[in-house]
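The values are calculated or read from the model by the stated rules, or taken from the named source; none is laboratory data. It should be emphasised that the depicted structure is a prediction, and the values quoted were computed from it without experimental measurement. Cβ coordinates were reconstructed from backbone atoms using ideal geometry, including for glycine residues, and neighbour counts include every protein chain displayed.
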Amino acid sequence: MKANLEKTTVRDIAYLINSSCLRADCGTSLEKLAEMLCTSDRYKVYLIDGSQRLCGVIQAKQIAMEVLKLSKRKEDAEEMLPAIAYVLNFHHASDLADEAVTVQPSSTLRMVLELMDRKSIREIAVVDEDQHLIGTLEAKHILSHYLHDKAEASL
């Protein structure tokens, strides 16, 4: 295994890709997404279109911010419950989704880490050439791999 960030690709560390990341259809309600997020240890849901292509990503905080916007004034709390229910039930993932930051298996780890730094993210989507989601890769796993290989190389 190479400890060089310039030469090592995502494909070289494919065993670190989390293929069990949360996925949902772009038309999924915010309520359903909130349920998915609350019952997992993840904070993002990757959105897939009808062709199984990655079309966006939504974070738990985006859903929470929509609810917060509607519940700012405490005296209106009772009146806001129907509005909050409306937002959660009738808005879909694609209404709030951000464009997903992606890399391909041929991307070097240096490129992946630089992109993560530039976009201020710690998890990135890995997609194939047709934009199908393979899984996600976390910065902590890349760094762990690098440090482990560097330690082995020095022995």
Residue in the stretch 2-17 that is exposed (fewer than 12 other Cβ atoms within 10 Å of the Cβ), in a helix (DSSP H, G or I) and at pLDDT below 90 present:
no
Of the residues in the stretch 42-62, those that are exposed (fewer than 15 other Cβ atoms within 10 Å of the Cβ) and touching a Lys or Arg at 6+ places or on another chain (Cβ under 8 Å) number 1
Counting only residues that are farther than 19 Å from I124 by Cα, outside any helix (DSSP H, G or I) and under 17 Å from the mean Cα position of the chain (by Cα), the stretch 28-53 contains a total of 2
When every residue in the stretch 19-41 that is at pLDDT 90 or above and touching a helix residue (DSSP H, G or I) at 6+ places or on another chain (Cβ under 8 Å) is compared, the one surrounded by the most Cβ atoms within 10 Å (Cβ to Cβ) is L33
Filter the stretch 102-155 for residues that are part of a loop (DSSP other than H, G, I, E, B) and free of Cβ contacts under 8 Å to residues at least 40 places away in the same chain; the one that is nearest to S19 (Cα to Cα) is D128
Taking the stretch 121-155 and the residues there that are at pLDDT 95 or above and among the small types (G, A, S), the one that is surrounded by the most Cβ atoms within 10 Å (Cβ to Cβ) would be A125
